[in-house]
Amino acid sequence: MTRADIAAKAMELHGAGRLDEAIAQYELLLAEVPQDDATRFRLALALIAQRRPDDAATVLGPTDARTSSASADVYFHLANFYQGKLRSVQAAEWFQRAILARPEFVAAEFNLALALQNQGRLLAAAEQYRRALDSQPDLAEARHNLAVVLQMLGHHDQAVALYQDGLSVAPQASEFARYAVTASFYDPGHSNTARFALAEQFGHFLERSGDRRRTLSVAAQPERRLRIGYLTSDFRDHPIARNVAPLLANRDRQGFEVIAYADVERPDAVTERLKASVDLWRPIHGMGDNEIADRIQEDGVDILVCLAAHFDRNRPLICASRPAPIQVSFHDVTTSGSNVFDYLIADRIVCPARRSEQFRERVVRLPSIYVHAPIDDAPPLMTPNPRPITFGCLNNPAKLNNGVIALWARILAAVPDSRLVLKYGRWFEAADIRSRIATIFAASGVAAARLDFLGGQDSRADHLAHYNRIDIALDPYPFAGSTATFEALWMGVPVITFAGSTMMSRWSASILTAIRLDALVADSAEAYVATAVEVAQNKRLLQALRMELRERVRQSPLCDGRLRARQIERVYRALWRRWCAGAAA
């Protein structure tokens, strides 16, 4: 049998999935002619298919002399395997070799940036994302990932500008307009006027999208059973799901029928529980906007509620063609900037009647907006040890802009020997994030040794247990916490917040007011620092709060799902009666 015959047989075996036999043939051929790179590459691919990446890397060996297009593809394939196994160091090495073999290999440039980001090398990742965008300016995911990295590095204005620059990139322009609004939430330098302009920019995309020729045929009967549709990608283990679950579980089934339009890519146990709480479950992942709007109209939805429209993979453009008579924005933190939504649901604290923030929707105020089921599987409370005061923040580091970090540095400087714990998934494992924060603290004379950056991917119980080492939680500004605030209070930890002039800065204020702790709500940066220092000096108060806060929260409107369900249903009924009156007129 000739060498060519053996090679052909090896490839036939490879194609048939008989990998052990193919590998044996490839190894025989390579032993005879070690310089046969074509066989080397086929052997490496077969080893990868057998989930043996390290053996494939050994076979490929030094690659300085192998810089052909074929070698780039093999290196890229191996790098992707490592990436999928979360071995980002090896992935980065082989992506770099793929780029050396084929300059301007855009997919490898993007994936290399992602591998660097996964390692926490954010500055290097940002540089690599920029290179990918230089090669392919319409690479939407690279633009979005770069903006996320810039936010983590404290460059919120650059993130907004990056999305703005991407508006010329169709068809992602509407998403970039939405993300520009979201990015501005984290930027303390963005005025309400500038943020409203960004919202209206996105609103123009909303108003130009969808089929506006729809004719809705619903019975204008003010007291009949109403069909409420909830639209979101967050029917999963997510803060929005935790806030909606009590409303669904306690709903008035005689007066309201609920349909869930769930754009959930990876359903989980929370998804299954929510599915059991509604009358009709519509999985819509992968469907087009107009197709979903048609389904909503066919279902005869009376009130369509879009949850957290600006966030995650939520799709407010579905609402653009108005498939329901009444459309409501709920659990968002700003205006849609359009007339697509008739109402925005808030409360009297997150959105006071006298405000500077502008809305295109009519604002409807509940007594309190936040609701969460009791966390019955939370760790037990621990009495604080007689040790130096420990502050903490378990919020997304994108919320930790340089200004709020400087306020925290002032607080630690004023409380001798105090410490600060920072935790959010694995994000604080990133050296570039730690360096930025430590530098700002150092400028106020606070040594890095007083900062505890925690990493690791915790279970929820382990996550909550971190609060047992924290005495006082510091809320970020201007984008306040909500779930993080509730969890801190449940674990007996008071939260100091700075309530500004926007919805997004006032969620913690609303939560604290609901449990009569509005004394912890500051109305200025100076008051924020002073309140934190004053509470830190009151050890008796801290010990009392540790023991009583959980029960106070449990007995408050924050955990009263039945009360909140009745309140929101009264709102829905009032909106429907108003619509019926208009239809009759």
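Quick note: the coordinates plus some simple rules give every number you see, no bench work behind them. All values reported here derive from a predicted model rather than from experimental measurement. FYI the Cβ positions are ideal-geometry reconstructions off the backbone, even for glycines, and counts take in every protein chain you see.
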- Message: Using a 7 Å offset from the Cα along the Cα-to-Cβ direction at both Ser191 and Val169, what is the distance between the two label points in nm, to one decimal?
- Response: 3.0 nm
- Query: Across the stretch 304-321, in residue order, what do the Karplus-derived ³J(HN,Hα) couplings come to in whole Hz, using 6.51 cos²θ - 1.76 cosθ + 1.60 with θ = phi - 60° and x for Gly and Pro?
  - Reply: 9, 10, 8, 8, 6, 4, 7, 10, 6, 9, 5, 10, x, 5, 4, 7, 4, 8
- Message: How large are Rg and Dmax for the stretch 99-247 when calculated on the C-alpha trace, in angstrom?
- Response: 20.0, 70
- Message: Quick check: residue separation of Ala70 and Arg225 times 0.36 nm, minus the Cα distance between them. What number comes out in nm?
- Response: 49.4 nm
- Note on the structure: the stretch 518-565 -> Rg/Rh from Cα coords, Kirkwood Rh, value 1.12
- Using alpha carbons only, what's the Rg to Rh ratio of the stretch 226-366 with Rh from Kirkwood? 0.95
- Query: Which GluC sites (Glu not before Pro) in the stretch 239-345 pass both tests, a DSSP loop state and at most 11 other beta-carbon atoms within 10 Å?
  - Reply: Glu265
- Task: Using label points projected 7 Å from each Cα along Cα→Cβ, tell me how many nm separate Asp134 and Thr215, to one decimal.
- Result: 5.8 nm
- Task: Largest first and to the nearest Å, give the Cα extent of the stretch 358-512 along each principal axis.
- Result: 49, 37, 28
- Which one of Ser233, Ser217, Gln172 has its Cα pushed farthest toward the positive end of the charge dipole of the stretch 172-241, where Lys and Arg give +1 and Asp and Glu give -1 at the Cβ? Ser217
- Note on the structure: Two pseudo-spin positions, 7 Å from Cα along C-beta at Ser556 and at Ala16, lie apart in nanometres by 7.0 nm
- Query: Farthest toward the dipole's positive end in the stretch 91-199, which of Leu100, Leu114, Ala183, given Cβ charges of +1 (Lys, Arg) and -1 (Asp, Glu) about the Cα centre?
  - Reply: Leu114
- Item | 10 Å-binned pair-distance histogram of the stretch 175-293 (Cα, whole percent) | 11, 29, 32, 25, 3
- Query: Roughly how many Å is it from the Cα centre of the stretch 306-372 to that of the stretch 250-305, as a whole number?
  - Reply: 18 Å
- Short version: ³J(HN,Hα) in whole Hz for each residue of the stretch 51-58, in order, from phi by Karplus 6.51 cos²θ - 1.76 cosθ + 1.60 (θ = phi - 60°), x for Gly and Pro, what are they? 6, 10, x, 5, 5, 5, 4, 5
- Scan the stretch 104-146 for GluC sites (Glu not before Pro) in coil per DSSP, keeping those whose Cβ has at most 16 other Cβ atoms within 10 Å, and list them by number. Glu104
- Query: Label 7 Å along Cα→Cβ of Thr383; the stretch 470-507 residues with amide nitrogen under 20 Å?
  - Reply: 470-472, 491-494
- For the stretch 390-554, size of Cβ-based charge dipole, Lys and Arg +1, Asp and Glu -1, in debye: 180 debye
- Query: When the convex hull of the Cα atoms of the chain is projected onto a plane and the area is averaged over all directions, what value comes out in nm²?
  - Reply: 30.6 nm²
